Amino acid sequence: MSYLFIDTCAGAGVALVNSEKPSDVLVKVNPDGKAQVEALSSLVTDVVREGGRPQKIVVSRGPAPFTGLRVGLVTARTLGFAWDIPVVGVDELLLQAQAAAQVLSGADCPAQTQGQTPRWIVSLMDARRHEVYAGLFKPGLTDGRLTQCGTDWVGPASLLEGVAQGWDRDFAGFAGAGVFLVGNAATQVTGQTVEVRFADLARAANSLVNGADGDSEGQRELASLSTEPQYLRRPDIQQKP
């Protein structure tokens, strides 16, 4: 089965993934975080023309800035209706953490992190307004599955360390051993960062969706296959009462 992965949380990206052979990923990306509306339809057209029509659509449901996130979700739902195929959503912070965990455990693991076992992965996405969207995840010691500590959060990066220690009292801070940061706002705090490519996100989406399709109720809840947008806060522009 092939699926189309759409993510407009930071720029616009589309990938066609063979779920039985995730190494086969066809990727088209426009990194401009203000051009999702203009870029997304042509990216989808290019991917489908080269790779064929998918059997499922997976889309990031955020958290992310309002306009870009809405473009991705509306496009995914419209294509799913037109093609008569299922559409499922994944949490962006969980997706980033899953991708980081897979990069750290893979053959292409960066040299400076080889041999280190991640104890926590912190996902950090730019929320604008000098804030970040953040989530704290803990990989399992035996199976590597991620457990989220606390909930998705938005606020100033300077407050996050204290918030994270409230989520998990064993959390030693961003500079602690075994702590890895991922996401386009990871540089807003000091610590070890993991760089993930769009293809890594697409493969991580495959892991989450396939795991949720045939796994326990708890894992399904963590993957959260809903396509309802996760804004965490209201948009900047609001209609007056």
Out of Gly80, Gly72, Gly52, report the one residue that is of a type outside the set (Asp, Glu) and on the phi > 0 side of the Ramachandran plot.
Gly52
Among strands (runs of 3 or more DSSP E) completely within the range 1-116, the ones holding 3 or more residues that are in contact with a helix residue (DSSP H, G or I) (Cβ under 7 Å, 6 or more places away or on another chain) and within 28 Å of Gln148 (Cα to Cα) are 2-7, 12-18, 56-60, 87-90
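Quick one: is Asp143 modelled with pLDDT of 70 or more, acidic (Asp, Glu) and either in a loop (DSSP other than H, G, I, E, B) or on the phi < 0 side of the Ramachandran plot (or both)?
no
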Options Thr67, Thr75: the member that is over 20 Å from Leu208 (Cα atoms) and at pLDDT 95 or above:
Thr75
What about Val37, is it loosely packed, with under 15 Cβ neighbours inside 10 Å and more than 26 Å from Gly106 (Cβ to Cβ)?
yes
With the structure loaded, tell me whether Leu43 is farther than 17 Å from Arg70 by Cβ, within 20 Å of the chain's Cα centre (by Cα) and modelled with pLDDT of 95 or more or whether it fails that test.
no
Tell me, which residue of the range 115-170 that is of a type in the set (Ser, Thr, Tyr) and within 13 Å of Gln188 (Cβ to Cβ) is farthest from the chain's Cα centre (by Cα)?
Ser158
Can you name the condition, by its number, that Asp152 falls short on among (1) within 25 Å of Ala205 (Cβ to Cβ); (2) assigned to a loop (DSSP other than H, G, I, E, B)?
(2)
With Ala185, Ala164, Ala157 as the choices, which residue is aliphatic (A, V, I, L, M), within 29 Å of Val27 (Cα to Cα) and crowded, with 16+ Cβ neighbours inside 10 Å?
Ala185
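Do we find a residue being hydrophobic (A, V, I, L, M, F, W, C) and over 19 Å from the mean Cα position of the chain (by Cα) anywhere in the range 10-31?
no
The values are calculated or read from the model by the stated rules, or taken from the named source; none is laboratory data. Quantities reported herein were computed from a predicted structural model and do not represent experimental measurements. In this analysis, Cβ positions are derived from the backbone assuming ideal geometry, glycine residues included, and neighbour counts consider all displayed protein chains.
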